[in-house]
1. Scanning the stretch 40-61 for residues that are outside any helix (DSSP H, G or I), surrounded by fewer than 20 Cβ atoms within 10 Å (Cβ to Cβ) and in contact (Cβ under 8 Å) with a residue 24 or more places away in the chain, which turns out farthest from the ligand (Cβ to nearest atom)?
2. Scan the stretch 167-190 residue by residue and report those that are away from the ligand (no atom under 14 Å from the Cβ) and under 30 Å from Glu41 (Cα atoms).
3. Among the candidates Thr235, Thr219, which residue alone is of a type outside the set (Asp, Glu), away from the ligand (no atom under 15 Å from the Cβ), more than 18 Å from the chain's Cα centre (by Cα) and on the phi < 0 side of the Ramachandran plot?
4. Could you give every pair whose Cβ atoms fall below 8 Å, whose first residue belongs to the stretch 278-296 and is under 24 Å from Ser170 (Cβ atoms) and without any contact (Cβ under 8 Å) to a residue 60 or more places away in the chain, and whose second residue is of a type outside the set (A, V, I, L, M) and outside any helix (DSSP H, G or I), counting only separations of at least 6 or pairs across chains?
5. For the stretch 234-318, list the helices (runs of 4 or more DSSP H) that sit wholly inside it and hold at least 3 residues that are touching a Ser or Thr at 6+ places or on another chain (Cβ under 9 Å) and under 21 Å from Gly80 (Cα atoms); which are they?
6. What residue, of Ile69, Ile77, Ile2, Ile34, is surrounded by fewer than 16 Cβ atoms within 10 Å (Cβ to Cβ) and of a type outside the set (Asp, Glu)?
7. Filter the stretch 18-39 down to residues that are of a type in the set (A, V, I, L, M, F, W, C) and part of a loop (DSSP other than H, G, I, E, B) and give me whichever is nearest to the ligand (Cβ to nearest atom).
Amino acid sequence: MIHSRIAGTGSYLPEKILTNADLEKMVDTSDEWIRSRTGIERRHIAVDGQTTVDLAEQAARRAIEAAGITPAEVDFIAFGTTTPDLVFPNCGVLLQQRLGCRGVPAFSVETACAGFMYALSIADKYVRCGEAKRALVIGAETLSRMTDWSDRGTAVLFADGAGAVVLEPSAAPGVLSTHLHADGVYKDLLYCGSGVSRGFEPKLVITMSGNEVFKIAVTKLGQAVDEALAANGLTKEALDWLVPHQANIRIIQAMARRLDMPMEKVIVTVQEHGNTSAASVPLALDVAVRDGRIKRGELLLLEAFGGGFTWGSALVRY
Ligand code: ACO
């Protein structure tokens, strides 16, 4: 039986940094409020003209290099994003053109912060059935482009960045299982209310009922992590690392408590990255792989939750 495994990881953050002190000058907020309610201290923001695919290309090239292959060898691209460069062609195709792997399937998945989890799940299936051998999975966003910088409820949260992994076939299990969910009943709690068929009015901005999102995220993510463990007949003691969506340190701490994991076993980048939506999990993964915390053979639990709502988890033997 063929499995898929992570052959390499990569990430990229735009150079420009926006601190909480910078935000104090833009909206009625304080460094203390942002840190205590979210855990965020600073975030990276794309400069004018820098697009989601620009960020993704850097992350992708690093993941491809780490996997020991060339860009031309990539044979499948699954790209999670909610902030595409264009309506079409999709970001997967734009990235494919830059990498030079002509003719291979390339598409975008638009499931907000769960975009990488969905893309990973799809790519895993293609590798396992033998139709892809070097699958590039991306999560990349320029959320700053649809952040209302006059709304203190959301401006302090969102940021830009990109993360990527390359999946390859393996005799031993790498991605053990993925678990995806969505429930459109919650569509009005977190959304961007403009789009092609609705029209781009009023404004291209994120609208969020933060408190309700928070409570439902904790519940649904809790169920998703339990589901991943149960599907593999494992208990939480088997986990080496939790690699969670980086939306809010309090949601991350709630997940750690549910799993009885000390925070030393949880990869936390939210203080540096803010909420980069689909990029957040692969960014956190790459940080911890490159600084040597996550090692080959260790068991990782990945999870993310986003607008829709959409959410998912994955159990991965790195
Ligand atoms: N600075 C100062 N005060 C603020 C700010 C701010 N930036 N934002 C809100 N406040 C005020 C509110 O007006 C409110 O004041 P009031 O009591 O006088 O009315 C008070 O702070 C408390 O507001 P709450 O919304 O209850 O604060 P809460 O503790 O819930 O924290 C937060 C808000 C950080 C948004 C939290 O609810 C959260 O993180 N929710 C989850 C958000 C999330 O994860 N979103 C992403 C999902 S993924 C995706 O797809 C993008």
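1. Val47
2. Listed by number, the list is empty, since nothing qualifies.
3. Numbers: Thr219 fails: away from the ligand (no atom under 15 Å from the Cβ).
None of the other options fit; the residue is Thr235.
4. Close Cβ pairs (under 8 Å, with a partner that is of a type outside the set (A, V, I, L, M) and outside any helix (DSSP H, G or I)) amount to Ala288/Trp241; Arg293/Trp241; Ile294/Asp240; Ile294/Trp241; Ile294/Tyr318; Lys295/Tyr318; Arg296/Tyr318.
5. 280-290
6. Result of the check over Ile69, Ile77, Ile2, Ile34: Ile2.
7. Our first condition is that a residue be of a type in the set (A, V, I, L, M, F, W, C); within the stretch 18-39, this holds for 18, 21, 23, 26-27, 33-34.
Next cut, part of a loop (DSSP other than H, G, I, E, B) only: 26-27.
Numbers: Met26: 10, Val27: 6 Å.
Looking at the filtered set, the residue picked out is Val27.
No value in this document is a laboratory result; all are computed from the given coordinates. Every value quoted in this text rests on a predicted model; they were computed, and no experiment measured them. Neighbour counts run over all protein chains shown; Cβ positions are idealised from the backbone, glycine included.
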